[in-house]
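Take a look at the structure below.
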Amino acid sequence: MGLRRDIQCNTRITAAVYDEARNRWEISTDDGDQVTATYFINAVGCLSAANIPDFTGIENFQGTWHHTGQWPHEGVDFTGQRVAVVGTGATAVQVVPEVAKQAAHVYVFQRTPNYDIPGGNRPLDQGYLSEIKAGYKDIWQKARESGFGLPYEVTERSALDSTPEERQSIYEAAWAKGGFRIGLETFSDLLVNKESNDTASEFVRSKIREVVHDPRVAELLAPTDHPFFTKRPPLEHGYYEAFNRDNVTLIDVRGAPIDEITPRGVRTGGAEYEVDSIVFATGFDAMTGALARIDIRGRGGVTLAETWAEGPRTYLGIMTHGFPNMFMITGPQSPSVLTNMPVAIEQHGEWIADCLTYLRANGKDEIEPLKDAEEGWVAHATEVAEATLLPRTNSWWVGANIPGKPRLLYPYVGGLGAYRTMCDEVAAKGYEGFAVAGQRVAAR
Ligand code: NA7
C-alpha cells in the first residue's frame, strides 16, 4: 500500500518498524492498515497511557467504573449514587467537587495528599480580556522565553532573604492571583533549597487548614511527606471546600492500602465501602507509557523498549540514537510537562518542521543523533535534575507511580527558554550532534 492521508480517527498504531535498507518506517495500525513513511513523528502525548492499578477483584465489581483519562464522551451521570474516587492528583481534584454536587455520597481514597493551589478559572470581564488581547504578542513572547512557558514575573530572590511578614505578603499576593504563581513567581529558590521551600509548604498547609472545618480531615489533607512543587501541584476549584460537605468522606489509604475491589465496592483497613461507581483518578504511565505501548523497532530490529530498559535516552528529548528519522514531540528529557504544554509543543513542532525543511533543502533524508551527543544530553539533564529537590519525591515526574519503572526525572528541568536557545543553536550549526545523510530516496 502506498502513502495514505486518510488514516481513521480511533485507529491505534500498534507497530512502527524502521526498514534500514530503504530508510523507511513501516507503520501498522490495529485495523490492519499499513503506512510507509520517511519520517515518523510521535505526538502521542505525555499523559495519555492510563494507569489502572492492578487491584484484586476489579473484574467482579458489579457497579460501573471509569478511569479519568478514558472518560466517556457522552458524560457520566452520578445523580443519587454512592461514588468512590481513588486518587487525589490533579484529576481527582477536578472530579471530586463536581461529582459531590450530584452524588448521594463520595468516598475519596487518598494515599498521598497534595499541595493544591487555586486555579483561578473564572469568567473574564471585557476590560481584562481587552487588556490581554492588546498585549497578546508580548505575553506570548514572554511565555516562549520563560523557564516554564508562562508569562510570569520571575524575581531572582531567596525566600530566606525576606522577613516572615514580607514572605507572607508575597505568598498572599500570588495566592490571590491564582495559578502556578505561588510556586514560580514568588521566590526563585523554592525548587532548589529545602529551607526556602519549607516556607511555601507551610503557607499552603495553612491555607488548607483555613478552609477545611474538621481539623482531623484538614491534617490528613495537608502534605508533610514531600516539599511543595516537587510533585505537580493540582489546580483546584472547590476541592478543599468539598470536604466540608456532609456527603464527602476522606479515606486515608496510606497506612492501610486498598485491599481489593469487591463486587459491591472498595475494601480497605478492614472496612468495605459500598458504592455504585468507582472513578479511578490514578494517573498515567507518563512520558514513555504511550510510546511503550507501540512496538517500535529501529536499526537492526532493536526495540525502543530494550533500548530504554533502564530509562529513556534521548538527544534534546526529540530523537534517540538507533531510531533514525523518528521524532518525539515533548519526549522524555525535554521540558514538556514542566512547562505550559502548548508552548513546549509549539517549540518542538517548529524545530522539527525546520529540520525537515533543512533536510529537503540540502538533499538529505536521514537524521539520527550521535551516541556521544545523546550521552552528553542525558548527563546534562541528570545533572540539572540533581540540582533540584524534584528527584527526591515520589511522583509521576520520576516514574515512581508505576511499579518497576526506572526512576529518573523524565522531563528536563533546565527551563524552556534556555532549552529553546540550545535547540536553535544545534540547528544553526547544521544539526550539531546529529548524523545527517542522504539522499537515498533517489536511489530507490
Ligand atoms: P496523578 O497526579 O498521577 O494522581 C494519581 C493519584 O492516584 C495519586 O493520588 C496516587 O497516589 C493515586 N493512586 C495511584 N495508584 C494508587 C493505588 N494503587 N492506591 C491508591 N491511590 C493510588 O494523576 P492525575 O491524572 O490526577 O494527574 C496527572 C497529571 O495530569 C497532573 O499531574 C497534571 O499535570 C495533569 P500517590 O500520589 O501515588 O500516592
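The values are calculated or read from the model by the stated rules, or taken from the named source; none is laboratory data. What you see is a predicted model; the values in this text were computed from it and never measured. Positions of Cβ are generated from backbone atoms using ideal geometry, with glycine treated the same way; all protein chains shown enter the neighbour counts. Quick note on the areas: whole protein, heavy atoms, side chains included, nothing else; ligands and nucleic acids left out. Shrake-Rupley method; radii C 1.70, N 1.55, O 1.52, S 1.80 Å.
Sub-7 Å Cβ pairs linking a first residue in the range 279-293 that is away from the ligand (no atom under 11 Å from the Cβ) to a second residue that is part of a helix (DSSP H, G or I) and open to solvent by 30 Å² or more (accessible area, probe 1.4 Å), at least 6 apart or interchain, are ALA292/ALA305, ordered by first then second residue. Contact map, the range 359-388: residues that are among the small types (Gly, Ala, Ser) paired with residues that are in a helix (DSSP H, G or I), Cβ distance under 9 Å, separation 6+ or inter-chain. Pairs shown: GLY363/ALA442; ALA373/VAL426; ALA385/PRO391; ALA385/VAL398. Within the range 112-127, does at least one residue satisfy the condition of being at negative phi, out of contact with any Lys or Arg (no Cβ under 6 Å at 6 or more places or on another chain) and part of a helix (DSSP H, G or I)? Looking through the range 112-127, at least one residue is at negative phi, out of contact with any Lys or Arg (no Cβ under 6 Å at 6 or more places or on another chain) and part of a helix (DSSP H, G or I). For first residues located in the range 43-61 and within 13 Å of the ligand (Cβ to nearest atom) and among the charged types (D, E, K, R), partners that are open to solvent by 40 Å² or more (accessible area, probe 1.4 Å) and in a loop (DSSP other than H, G, I, E, B) and lie 6+ apart or on another chain with Cβ distances below 9 Å form the pairs ASP54/PRO403. Among the residues of the range 139-174, those that are under 21 Å from TYR419 (Cβ atoms) and part of a helix (DSSP H, G or I) comprise ILE139, TRP140, GLN141, LYS142, ALA143, ARG144, GLU145.
Scanning the range 268-278 for residues that are without any contact (Cβ under 8 Å) to a residue 60 or more places away in the chain and under 23 Å from ASN114 (Cα atoms) yields a single hit, GLY269. Close Cβ contacts (under 9 Å, 6 or more residues apart or on different chains) running from residues in the range 419-435 that are in contact (Cβ under 8 Å) with a residue 40 or more places away in the chain to residues that are part of a loop (DSSP other than H, G, I, E, B) and of a type in the set (Asp, Glu) comprise VAL426/GLU432. Looking across the range 327-348, the residues that are out of contact with any strand residue (DSSP E or B) (no Cβ under 9 Å at 6 or more places or on another chain) and either part of a loop (DSSP other than H, G, I, E, B) or not aliphatic (A, V, I, L, M) (or both) come down to THR330, PRO332, PRO335, SER336, THR339, ASN340, PRO342, GLU346, GLN347. Filtering the range 96-105 down to residues that are assigned to a helix (DSSP H, G or I) and crowded, with 22+ Cβ neighbours inside 10 Å, which residue is nearest to the ligand (Cβ to nearest atom)? Filtering first and then ranking leaves VAL96.
Residue pairs whose Cβ atoms lie under 7 Å apart, separated by 6 or more positions or on different chains, with the first residue in the range 65-76 and of a type in the set (Gly, Ala, Ser) and the second assigned to a strand (DSSP E or B), are GLY69/ALA50; GLY69/PHE284. Filtering the range 8-42 to residues that are free of Cβ contacts under 8 Å to residues at least 60 places away in the same chain, assigned to a loop (DSSP other than H, G, I, E, B) and in contact with a strand residue (DSSP E or B) (Cβ under 7 Å, 6 or more places away or on another chain) leaves THR11, ARG12, ASP30.
With respect to the conditions (1) within 11 Å of the ligand (Cβ to nearest atom); (2) under 16 Å from GLY89 (Cα atoms), THR224 falls short on a single one, namely (1).
The residues of the range 178-188 that are surrounded by fewer than 21 Cβ atoms within 10 Å (Cβ to Cβ) and either over 19 Å from ARG232 (Cβ atoms) or of a type in the set (Gly, Ala, Ser) (or both), listed by number, are GLY178, GLY179, SER188. Taking the conditions (1) under 18 Å from TYR240 (Cβ atoms); (2) outside any helix (DSSP H, G or I); (3) within 24 Å of the chain's Cα centre (by Cα); (4) away from the ligand (no atom under 11 Å from the Cβ) in turn, VAL108 satisfies each one other than (4).
Checked against (1) away from the ligand (no atom under 16 Å from the Cβ); (2) in contact with a Pro (Cβ under 8 Å, 6 or more places away or on another chain), ALA90 meets all criteria but (1).
The rows are residues; the columns are (1) at pLDDT 95 or above; (2) open to solvent by 20 Å² or more (accessible area, probe 1.4 Å).
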| residue | (1), (2) |
| --- | --- |
| ARG24 | yes, yes |
| GLN62 | yes, yes |
| HIS73 | no, yes |
| PHE78 | yes, no |
| VAL83 | yes, no |
| ALA90 | yes, yes |
